[in-house]
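Report on the following structure.
The values are calculated or read from the model by the stated rules, or taken from the named source; none is laboratory data. Computed from a prediction, not measured in an experiment: that's the story for all the values here. In this analysis, Cβ positions are derived from the backbone assuming ideal geometry, glycine residues included, and neighbour counts consider all displayed protein chains. Please note that ligands, DNA and RNA were not included when accessible areas were found on the heavy atoms of the full protein model with its side chains. Shrake-Rupley method; radii C 1.70, N 1.55, O 1.52, S 1.80 Å.
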Amino acid sequence: MSAQLRETAGELAELLWREHTLYRERSGTVVIRGSHVERWISLSPTGGKDQVLIRAGRILDGGTTAPARSETVASLAVGRGELAAVCRRLLAETAAGPAPGAARPPKSGRSRKAGARRTGRPARGGRHTGLTSWLVILAVLGFVALYVRGVAAGL
């Protein structure tokens, strides 16, 4: 099944995109990556005879793949053109939604400054200075006190 899946994926890749990368994962899944269109398609064996799970997703800015946005099960017995049509439909569904990481309108009435980005960290619970910051401040004060003591002892 693995050899047939790789051969099918190679033929589909040629039908879908001129520029593509084809690779096989350890699980036996074959992935077709179209970096120029920022999309990917994967074909996985399902356990059923001549059936394959086809999943589609996006490629993020850093080159990593986002989780699949759409998937379906198809038969390998159908022609390559029909499989390509299924893949194109999944890719269209993937393209229809908002891009991962796309700016969403703020929940409050305030708007964000241009270029400001959230880091994904949870909001602080009312503290302005964290424990680590206090430890650094205490260490710096300790070094200053030792320096002052050394200078005073030298006089």
(Q) Any residue in region 12-30 that is without any contact (Cβ under 8 Å) to a residue 40 or more places away in the chain and surrounded by 14 or more Cβ atoms within 10 Å (Cβ to Cβ) sitting within a Cβ distance under 6 Å of a residue that is of a type in the set (K, R) and not in a strand (DSSP E or B)? List the pairs, counting only those 6 or more apart or interchain. (A) V30/R6
Q: Answer yes or no: is there a residue in region 83-95 that is under 17 Å from the mean Cα position of the chain (by Cα) and open to solvent by less than 30 Å² (accessible area, probe 1.4 Å).
A: yes
(Q) Condition first: open to solvent by 10 Å² or more (accessible area, probe 1.4 Å), over 16 Å from C87 (Cβ atoms) and touching a strand residue (DSSP E or B) at 6+ places or on another chain (Cβ under 9 Å). Can you find one or more residues in region 51-64 that meet it? (A) no
Q. So which residues in region 65-84 are touching a strand residue (DSSP E or B) at 6+ places or on another chain (Cβ under 7 Å) and in contact (Cβ under 8 Å) with a residue 40 or more places away in the chain?
A. L76, L83
Q.
Just the residues that are crowded, with 18+ Cβ neighbours inside 10 Å and of a type in the set (G, A, S), please, taken from region 31-50.
A. G34, S42, S44
